[in-house]
Structures are given as structure tokens and as C-alpha cells.
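Presented below is the structure to which this report refers.
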Amino acid sequence: MLNHKFFFLILFLFCFASKGLSANQTDTLLISDITVISKDIKTKPSVIIRELTFSKGELIDWYVLSEYEIGRSIANLKNLNLFNQINIIPTRHEKTISVQIEVVEKWYLWPIPFAEFADRNFNQWSTFDFDPYRTNYGLYLFKYNLFGLNHTMKATVGTGYTKTLGFEYIAPYIDRKKRFGFTLDVRSKANNEIRYNILDNKEQFFQSDHEALVKRKSALAALIFRPGLYTRHTLTFNAVDIGIADTVTTESLNPDYLYNQMSNQQLATLGYTISYDNRNNKLFPLTGIYTTISAAITRGDMNFTTVGFDLNFYQPLPVPKLYSGLSYTYQDALNQDLPYVLNKAIGVGKNVRGYEQNLFLGDQFAIMRAELRYLILPEKLYVLKYMPLKMYKTMPLESYISLFYEQAQIIDRGLQNDIYGFGIGLNTLLYYDKVFRFEYSWNHWNNSGLKIHFKKAF
């Protein structure tokens, strides 16, 4: 069994460290009007109003509105990733309150040629001396905020290391009350190089000059139900077809790459996830909770069930400008020995800092994380004189210094592996949705080094 002591510590801190809001309910007023007053705005006002923590016709204390609800509503709007600037202005009248909302929208259409590293992260790519062969290039087409309803369409055509065709459509709202949505995602990938095994936690690669060694096709459909601001239910169906060249199944490479020495594997997965998310910023949270509970049943060429949960807790500390983050992640394939292609515990999706260049197999794992974040550059708006796009001329920027510790317990076919990493980092946020992390970390092998990341840690 995995050690869950850290999990109970998180629960303890969550139960006893959270702060409540006490308000004097002696100044209650009626919200008489909520108006979006921005010019030339594409976003439907109903999409914006959906994210507010207050509503028209509601009786509310003026102090609660101005000191708490406005801030929470701005955070919710930031998490839509539709706007560069957000301002909510409440005006107090004798017995009522009127609210005006001003936003500056982002640019929503992006046909972008791309050239990107193909490996799991930038740091792993660097171990290959930034080999140009290990890059993907092609064209992304992003269309955000379709119909002004926050729908997103993404199309990808790529070649290079990975040949890719992909299409994704995300519709958070399809009904009048904006509670139901869906996601569709279809894609095809092919590689002439395959990561066929792990040796000493290092990936082993095999390359062919004349044939695709692995081909993967997938189709996903998800139904989303969001009854309130912070709770979300997701029902997902995913079908996957993986084919590999006969070369891979030979004893010299990995006969267990797929199940039972197969060269083709077809799987269908039905999954359900419930989540609660009230983080102030999904890209770099400082306050709030993000937790998920999930279960998935997979049938096809092999049958198995996976369960898992995440708990992430963020809290300001009594010291000014100092914030804490705690996280616990658990996943279990319920005693099923998974084939290599499905048996990635740490290094693909889930990571432990200090091991960016390593991969750990496991059908059961737990990850515990703790971090302190200190604000060194408060959010400031910078005017970019020569920026051609008007909506990006004003750039929000803020920076934090962080100290972190992470550990994981991994079980692979009954064998347990314990790892940990720690370090210091500089985190910079741009435009509410861009995160750059520069971290110096150490691991339990006494390896250390500078790592670069382009997304949040947890």
C-alpha cells in the first residue's frame, strides 16, 4: 500500500487553515442592474454574467460585494482566458446597486505555423543536444470564442518527428441556462521512431528510415454538466487504435509493448469525473481548491479499470506576499498489470520536479507536492508601444519566487519505487494565461540542474 500520511496532512490543513468571511449584514442592498459596457465586444453578455458570483435581483451586503464578490468574479472571468483586461465597477445608490463590467478581449483567430520540440518537455529535448530531427512543424489553426459563446475550435496539421492530423471542438455551453456542454476530439499520429522501453528510468528509442513504427488513432466525445460556478461533471467516451511494426514485438525490443505481444490494440474507455475548482487563477493559483475524483472502465483487446483523485489546496499565509500550495494525486489500475504503452506513471502528464529527463513505469502511484510562493513583482500593466495588436498593447506581468518539495511512490508489478525532488524557482505570468518557470532542482540521486517549463507545476 502507498503511504497516505501526506494526504491526511493536507486534509488537516484544509480543515483548519481555511479562512471564513464574516460580514456585517446591516447594509443590504438590491442589485438592480448588471451591464456589460465594453465597445465592439464579441463575447455574449450572458457568457460574462454566467461567471459572476452575484446576480441581478439579489440582496447583498455592500461590503461583501465590494471586498469579496467582485474579486471572485474577476478571477472567474480571468479563468475563461478570453480577456486581457477585466474591470467590474459597482455603483451604490440609495437602496440599490448597479454594476458595470468592462473587458478588453484577446485576439481570437490564430493561424500559427509552428516548430516545437517533440519530446515530453523542453528539458528532455536538451539531452539530445536540441536535435532538429526531434522537432515537429506544421500549422495550428485556433479559433477561440466562436459565436461569442466561448466555443473553441482547434485544427492541427503537422509533420517532422510526428505526423499529426487533429481536430478538436469545445463547447462549454449548448443550452440556454449554460449548464451543458460537450467536447469532440479526433486525431491521428504516426512516428518513425518509437520509445519502446525504459532502462534505468531512461527511455530507449528505436528508429526506422523507411516505415512508421507506431500509429495511433483516437476519437473522444465528452458530455459536460456544470450546475454551478465551481462544480463540473464530465462523462467521456474514448476509442483508441494503436498499431506497431512487427519489429517492435521482437525480443530485442519489447514484446510487451502492447498486450500479449499484439501488433495492434483497440480499446474503448468510458470515464466519469467530478471536479470542484474555485482557484483564483487556473494557470498559477494562489488561493482556492481544485479536486477531482475519476473512474474509467476500459474494454477491448484488454479489460481494466482505473480510479484516481487529485486534491490541490492553495492558501495565503499570515506573512505578507507569501502563499502556500499543497497537492496529493493518486491513481490505481486496480491490480491490473498494464502493457508498456499504458504503464506510464511519472513523466507523461504527471511529473515530479527534478526528474524531467526520467520516466517511471507504474500501475499504481501517488504524488505529494508542497510549495511556498513569494510575490516579488506585483501585477503591473506595461504598455507595449510597438505592439501592432491593439488588444495586446497593455501587458499584465507579475513574478514569484518559489521553494518546492515533491515526492512520489510508484508501484510497478508489486515493486515499490520512492523518489523525491526539491528546489527553488522563478515564476513569471504574462497576459493572465502564460507561465514561464525557471527552476533549479535536486533529486534523490543527487542530480541537479536548471530546468525550464512553460506551464504551471500544479
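Among the numbered conditions (1) β-branched (Val, Ile, Thr); (2) at pLDDT 90 or above; (3) within 23 Å of the chain's Cα centre (by Cα), tell me where Ile452 comes up short.
(2)
Report, by residue number, each residue of segment 189-207 that is free of Cβ contacts under 8 Å to residues at least 60 places away in the same chain and exposed (fewer than 15 other Cβ atoms within 10 Å of the Cβ).
Leu199, Asp200, Gln204, Phe205, Gln207 - these are the residues of segment 189-207 that are free of Cβ contacts under 8 Å to residues at least 60 places away in the same chain and exposed (fewer than 15 other Cβ atoms within 10 Å of the Cβ).
Condition first: modelled with pLDDT under 90 and under 14 Å from Arg353 (Cα atoms). Now tell me which residues in segment 386-412 satisfy that.
Matches in segment 386-412: none.
Quick check: is even one residue across segment 398-407 within 15 Å of Asn351 (Cβ to Cβ), part of a strand (DSSP E or B) and of a type in the set (Asp, Glu)? Explain how you work it out, then say what you get.
Keep residues of segment 398-407 that are within 15 Å of Asn351 (Cβ to Cβ), which gives 404-407.
Cutting the leftovers down to part of a strand (DSSP E or B) gives us 404-407.
With of a type in the set (Asp, Glu) added as a condition, the list becomes 406.
So far as segment 398-407 goes, yes, one or more of its residues are within 15 Å of Asn351 (Cβ to Cβ), part of a strand (DSSP E or B) and of a type in the set (Asp, Glu).
Go through (1) modelled with pLDDT under 95; (2) closer than 18 Å to Ser324 by Cα and name the single condition Leu415 misses.
(2)
Looking for whichever is on the phi < 0 side of the Ramachandran plot, in a loop (DSSP other than H, G, I, E, B), surrounded by fewer than 15 Cβ atoms within 10 Å (Cβ to Cβ) and of a type in the set (Lys, Arg) here; the options are Lys385, Lys380, Lys350. Which one fits?
Numbers: Lys380 fails: in a loop (DSSP other than H, G, I, E, B); Lys350 fails: surrounded by fewer than 15 Cβ atoms within 10 Å (Cβ to Cβ).
The unique qualifying residue is Lys385.
If you go through segment 149-178 one residue at a time, how many are out of contact with any strand residue (DSSP E or B) (no Cβ under 6 Å at 6 or more places or on another chain) and surrounded by 16 or more Cβ atoms within 10 Å (Cβ to Cβ)?
Number of matching residues: 3.
Quick check on this structure: which one of Leu286, Leu267, Leu253 is under 30 Å from Arg50 (Cβ atoms) and either touching a strand residue (DSSP E or B) at 6+ places or on another chain (Cβ under 7 Å) or in contact (Cβ under 8 Å) with a residue 60 or more places away in the chain (or both)?
Numbers: Leu267 fails: under 30 Å from Arg50 (Cβ atoms); Leu253 fails: under 30 Å from Arg50 (Cβ atoms).
Testing whether each residue is under 30 Å from Arg50 (Cβ atoms) and either touching a strand residue (DSSP E or B) at 6+ places or on another chain (Cβ under 7 Å) or in contact (Cβ under 8 Å) with a residue 60 or more places away in the chain (or both) leaves just Leu286.
The values are calculated or read from the model by the stated rules, or taken from the named source; none is laboratory data. All values reported here derive from a predicted model rather than from experimental measurement. In this analysis, Cβ positions are derived from the backbone assuming ideal geometry, glycine residues included, and neighbour counts consider all displayed protein chains.
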